[in-house]
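**Q** Shown below is the structure under consideration.
The values are calculated or read from the model by the stated rules, or taken from the named source; none is laboratory data. Keep in mind the model is a prediction, meaning the values are calculated, not measured. Here Cβ is always computed from backbone atoms with ideal geometry, including for glycine, and neighbour counts include all displayed protein chains.
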Amino acid sequence: MLEKTIIEKLEAVAGKENVLTGKVDLVAYSYDATADLPRQAPDVVVLPTSAEMVRAIVNLARSHKIAIYPRGAGTNLSGGTVPLKKGIVLSFQKMNKIIDIDAANLTAVVQPGVVIAALNAAVAPHGLIYPPDPGTVATATMGGSAAENSGGLRGLKYGVTKNYIMGMEVVLANGEKVRFGGKTVKNVTAYDFSNLFVGSEGTLGIITELTAKLIPAPKFRRTMTGEFKTLADAGNAVAGIIAAQVIPATLEIMDRMTIRTVEDFAHIGLPVDAEALLLIEVDGMSEDVVRAEAEAVMQVVRDNNGGLKIAETDQERDQLWTARRNALPALASLNNTVILEDATVPRSRITDMLIACEAIGKKYNLTLGTFGHAGDGNLHPTILCDKNNQDEMGRMHKAVDEIFKVALSFGGTLSGEHGIGVAKMKYLGDELGQSGLNLMRSIKESLDPEYVLNPGKMVPLREA
């Protein structure tokens, strides 16, 4: 527990109304969206309203060796915001201003607490979009998604968060405020600091402002589904679409269990007897090009024994994407614990990974559904289990170990978009090797030698 004098100093810096110490408040900030991780209530929650306030809080924490845990909306799935060493949770919900929308330069400047959906609503009248589209787009914040390098449903064609952050303002662990990047399209001055801090999960610095790239919203789109009787046909269709040199805006997959669960949850007429369902959307600025790409996609689906259904209206399209976004909450409704992973493989191994996930679920006698971003190899094997059943939880852990082992054997990676946090740290050495771990520690310790910022996340401590 922090000394009363520390709390009083925080109140002097941030205002009493922005310093939370009540038991209910502390419990609310003791966890994020990750299941099967220990919860830990912080000593205090502080809601800063400016970068200068963040600097003052960092200086106070550093002088008293108190850990700081930056937090957006807490929708992350790697334990990245859990305050393992208690300390201060720094929640950015009050730094939620859109500072500037510059349509001429296709940029927006925002505070970290801006919700992605709110930014898109603000830029829509200008005919623009901010493409990164995580499943929690209605609640996820710009700062949190930058810290996690979030992806989402449009990642195949449009990329992930790192492709859209042009600059930022960051408060470092020593209390200094730095600013780099900006509105220029080309900038090779110094190191690429933006890409260093994007995806760093709050371990290197605290983001207090972001300059984001916007793009013109596509004028035309076609949305369709492909229904398959085997996982192999679905996986081969994904590879075939890419081989046909069509890059859909979205190319999502749901396996049989996910289809049935979502249909029970949403009742929108999904094909519950299918082994796999592809949800596909092509878009662009030319109606002729979009039509030609849609025809190419449909031919690949047919060639791989798939049944086609075209969304003829915006309502039908919206129903399909609502179904995809409901995949996680629908699966989570089946039991009291949902383990959602994001093992990612090269696109050429997507069929192998789908079949492997199905086999792993059967091997360990677990309820396992797989959905995800098939077009970029980013799958979400999801295990439903009972946290009160010790035997089942043990089998779940073995299954997760095997999922990552298989993904790496296919030339894949531990995480496509969920980050490392604390949940995947034990696997880091399997992908990076000891030299990679040492490099991560060197970068961390050069910027935060006392491990004040989000300690215990992403970067393993050096062995004594």
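**Q** Just the residues that are out of contact with any helix residue (DSSP H, G or I) (no Cβ under 6 Å at 6 or more places or on another chain) and acidic (D, E), please, taken from segment 342-377.
**A** D342, D352, E358, listed by residue number.
**Q** Another question, if that's okay. From the list I280, I350, exactly one residue is under 30 Å from D32 (Cα atoms), within 21 Å of the chain's Cα centre (by Cα) and not in a loop (DSSP other than H, G, I, E, B). Which is it? Walk me through how you get there before you give the answer.
**A** Numbers: I280 fails: under 30 Å from D32 (Cα atoms).
That would be I350, the only listed residue that is under 30 Å from D32 (Cα atoms), within 21 Å of the chain's Cα centre (by Cα) and not in a loop (DSSP other than H, G, I, E, B).
**Q** Condition check: over 20 Å from the mean Cα position of the chain (by Cα) and modelled with pLDDT under 95. Does K85 satisfy that? Spell out how you get there, then give the answer.
**A** On the way: over 20 Å from the mean Cα position of the chain (by Cα): yes; modelled with pLDDT under 95: yes.
Taking the combined requirement at face value, the residue satisfies it.
Table: residues versus (1) farther than 29 Å from N336 by Cβ; (2) touching a Gly at 6+ places or on another chain (Cβ under 9 Å); (3) small (G, A, S).
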site	(1), (2), (3)
A41	no, no, yes
V44	yes, yes, no
P48	yes, no, no
A56	yes, yes, yes
N59	yes, yes, no
I66	yes, yes, no
A73	no, yes, yes
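**Q** Look at segment 53-68 and say how many of its residues are of a type in the set (A, V, I, L, M) and assigned to a loop (DSSP other than H, G, I, E, B). Give the derivation first.
**A** Of segment 53-68, the ones of a type in the set (A, V, I, L, M) are 53-54, 56-58, 60-61, 66-68.
When the remaining residues are screened for being assigned to a loop (DSSP other than H, G, I, E, B), the result is 66-67.
Adding up the residues that qualify gives 2.
**Q** Another question, if that's okay. So which pairs qualify, if the first residue must be in segment 229-255 and free of Cβ contacts under 8 Å to residues at least 12 places away in the same chain, the second must be surrounded by 21 or more Cβ atoms within 10 Å (Cβ to Cβ), the Cβ gap must be under 8 Å, and the two must be at least 6 apart or on different chains?
**A** Listed by first residue and then by second, the contacts come to nothing, as the list is empty.
**Q** If a residue must be without any contact (Cβ under 8 Å) to a residue 12 or more places away in the chain, of a type in the set (D, E) and within 30 Å of L156 (Cα to Cα), how many such residues does segment 369-399 contain? Even if it seems obvious, please write down each step before you answer.
**A** Initial filter on segment 369-399 (without any contact (Cβ under 8 Å) to a residue 12 or more places away in the chain): 389-391, 394, 397.
Checking the rest, the ones that are also of a type in the set (D, E) come to 391.
Subset that is within 30 Å of L156 (Cα to Cα): none.
Count: 0.
**Q** Sort out which residues of segment 241-256 are surrounded by fewer than 18 Cβ atoms within 10 Å (Cβ to Cβ) and either in contact with a helix residue (DSSP H, G or I) (Cβ under 6 Å, 6 or more places away or on another chain) or at pLDDT 95 or above (or both), and write them in order of number.
**A** Restricting attention to segment 241-256, the residues satisfying the condition of being surrounded by fewer than 18 Cβ atoms within 10 Å (Cβ to Cβ) are 243-245, 247.
Those that are surrounded by fewer than 18 Cβ atoms within 10 Å (Cβ to Cβ) and either in contact with a helix residue (DSSP H, G or I) (Cβ under 6 Å, 6 or more places away or on another chain) or at pLDDT 95 or above (or both): A244, I247.
**Q** Going through segment 200-222 one residue at a time, which ones are surrounded by fewer than 24 Cβ atoms within 10 Å (Cβ to Cβ) and among the β-branched types (V, I, T)?
**A** I215
**Q** Spot the failing condition for A146; the list is (1) farther than 16 Å from H418 by Cβ; (2) out of contact with any Asp or Glu (no Cβ under 6 Å at 6 or more places or on another chain); (3) aliphatic (A, V, I, L, M), and only one is missed.
**A** A146 satisfies every listed condition except (1).
**Q** Between A296, A323, which is within 20 Å of P271 (Cα to Cα), in the same structural domain as Q245 (by TED's automatic domain parsing), out of contact with any Lys or Arg (no Cβ under 6 Å at 6 or more places or on another chain) and in a helix (DSSP H, G or I)? Give the derivation first.
**A** Working: A296 fails: within 20 Å of P271 (Cα to Cα).
Going through A296, A323 in turn, the sole match is A323.
**Q** List the strands (runs of 3 or more DSSP E) that sit entirely inside segment 140-217 and contain at least 3 residues that are under 21 Å from the mean Cα position of the chain (by Cα).
**A** On the way: elements: 165-172, 177-181, 205-213.
Output list reads 165-172, 205-213.
**Q** Which one is surrounded by the fewest Cβ atoms within 10 Å (Cβ to Cβ), of the residues in segment 353-376 that are within 19 Å of the chain's Cα centre (by Cα) and in a helix (DSSP H, G or I)?
**A** Per the criteria, the residue is D376.
**Q** Now for a different question. Just name the residue that is surrounded by the most Cβ atoms within 10 Å (Cβ to Cβ) out of those in segment 309-338 that are out of contact with any helix residue (DSSP H, G or I) (no Cβ under 6 Å at 6 or more places or on another chain) and β-branched (V, I, T).
**A** Taking the candidates together, the pick is T337.
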